[in-house]
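S.K.: This is the structure I want to talk about, given as structure tokens.
What follows draws every value from the coordinates through simple rules; no lab data is involved. Every value quoted in this text rests on a predicted model; they were computed, and no experiment measured them. Cβ sites come from the backbone with ideal geometry, for glycine too, and all protein chains shown count toward neighbours.
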Amino acid sequence: MLFSQNSALSCAPMGEELVMMDVEQGQYFGLNPIACAIWQLLETPKNIDDLVTALMQKFEVSEAECRQDTEVFIKELMDKKFIQAEVSAQ
């Protein structure tokens with residue numbers, strides 16, 4: 001499964017964080033620096049393994065913790081329709 005940003009969202013930096021707004025749903029969502037890194041990685045479609053590998057290179061975190069936190073965050077983004085998923089052709 002590949003995940004990517006929903007291009008209909010508006011984003012604005014606020015210090016070290018990023019604030020996203022979905023005008024259609026009237027939702028705001030603030031991203032801390034780690035979540036912001038995930039969001040930036042999702043500019044192009046990525047699977048969970050790609051995200052975990054990239055995050056482990058950038059942050060000091062165990063693979064198990066990184067994978068768990070990334071999966072939870074991806075689910076939250078999917079629930080809010082901030083990202084989209086497509087089946088990879090592998």
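S.K.: Name the residues whose placed amide hydrogens come within less than 5 Å of the amide hydrogen of GLN27, ignoring near sequence neighbours (fewer than 5 apart) on the same chain.
M.R.: Amide H to amide H, under 5 Å and 5 or more residues apart or across chains, GLN27 pairs with ASP22.
S.K.: Calculate for the chain the 222 nm mean residue ellipticity that helices alone would give, adding -39,500 (n - 2.57) per DSSP H run of length 4 or more and normalising by residue count, nearest 500 deg cm²/dmol.
M.R.: Values: 3 runs with 37 residues, N = 90.
Mean residue ellipticity, 222 nm, calculated: -13000 deg cm²/dmol.
S.K.: Another question about this same structure. Report relative contact order for the chain in percent, whole number only (criteria: Cα-Cα under 8 Å, sequence separation at least 6).
M.R.: Dividing the mean separation by the residue count of the chain yields 37 percent.
S.K.: Okay, next question. What is the spread of the Cα atoms of the chain along each of their three principal axes, largest first, in whole Å?
M.R.: 34, 34, 19
S.K.: Give me THR53, THR70, THR44 sorted ascending by neighbouring Cβ count inside 10 Å, so fewest comes first.
M.R.: Taking fewest neighbouring Cβ atoms as first place, the list is THR44, THR53, THR70.
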